[in-house]
Amino acid sequence: MSSKEKNTLIHEWGSELEEINSQTKNSCKKFYYKYSSIKFYTSMWVIDKKSGMREQVDVGDNVMISGFSQHPGYYIAKIIAFFDLNEKDLDSNRRCSVEWFYLPDEIPKSKLQLSIQRKNEVIVDLRHSYDVIDANSVLGVCHVTKLAPNQNFPDYDPDFLGIFFFNKGFDGKKIIQINMNEDDSPLPKKRHQPAPSSRSSPKKKVAPPPKRQAKKPRKTAPKAAAAPKLPEPEDAMPKSKKKRNGDTPKQLLKAAR
């Protein structure tokens with residue numbers, strides 16, 4: 001699609017966005033705080049004047065953006081937010097905030113580091129910076145697919161202009177491969193320690209349960225031995241056998257003698 005085709009398109013807002021999240025605000029901070037009458041939308045309709053065909057573009061879609069006189073052609077971007085400034089003094093109030101994809105010819109050759117440049121290849125912006133552009137420059141939806149590790153680039157088909165693929169990113173300084181296998185990744189690998197086998201790991205010794213001690217019989221105090229009975233001389237003891245008060249066995253024995 002060229003900039004000439006842009007003049008054959010009409011743009012209309014879809015439904016208004018009810019809840020505005022932080023990402024939507026951050027993608028257009030200057031406009032959000034400057035224009036009090038700003039309104040956000042969930043989608044936009046792109047209508048072809050000639051054919052009357054209507055295409056709905058939603059927030060989050062990847063789209064083709066029309067170039068301009070100095071840079072004809074198209075650009076690839078992801079829609080982050082649609083909004084209208086609602087200002088009478090402006091020629092166009094429709095705006096959208098986007099995250100860009102790079103076409104290979106947009107990156108300086110000194111930083112490109114690509115041996116082959118494909119017409120259906122794009123490079124994702126790893127900085128995830130936002131840019132606000134005229135929403136009337138949206139040409140329509142395109143499809144951008146991330147390739148799996150070791151997946152070859154599909155052949156370019158001029159009949160399917162809006163289909164792109166990527167497996168690299170640009171961080172502002174260099175090109176980075178972003179779909180590597182874990183074994184090929186430049187990131188430090190996590191070392192997986194094998195679980196100890198039953199042969200190598202010593203078994204823990206479990207202490208046997210304590211033995212129950214037999215209950216010892218309670219020690220009881222021995223009964224006091226009864227005082228030996230002294231023989232009673234028949235001629236010394238009275239017949240009544242009554243002890244005198246205070247007499248001990250020894251005294252009684254002495255008296256008997």
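The values are calculated or read from the model by the stated rules, or taken from the named source; none is laboratory data. Source: prediction; values computed, not measured. Note that each Cβ is placed from the backbone with ideal geometry, even for glycine, and that neighbours are counted across all protein chains shown. Protein only, heavy atoms only, side chains kept; ligands, DNA and RNA dropped before computing areas. Shrake-Rupley method; radii C 1.70, N 1.55, O 1.52, S 1.80 Å.
Averaged over residues, the count of other Cβ atoms within 10 Å places the peptides 75-85, 53-63 in the sequence 75-85, 53-63, highest first.
When the alpha carbon coordinates of region 31-85 are projected onto the principal axes, the ranges are 35, 29, 20 Å, largest first. The residues of region 39-137 have, on average, 53 Å² of accessible surface per residue, using a 1.4 Å probe with all protein chains present. The residues neighbouring ALA135, those whose beta-carbon lies less than 10 Å from its own, together hold a net charge of 0 under the Lys/Arg +1, Asp/Glu -1 convention.
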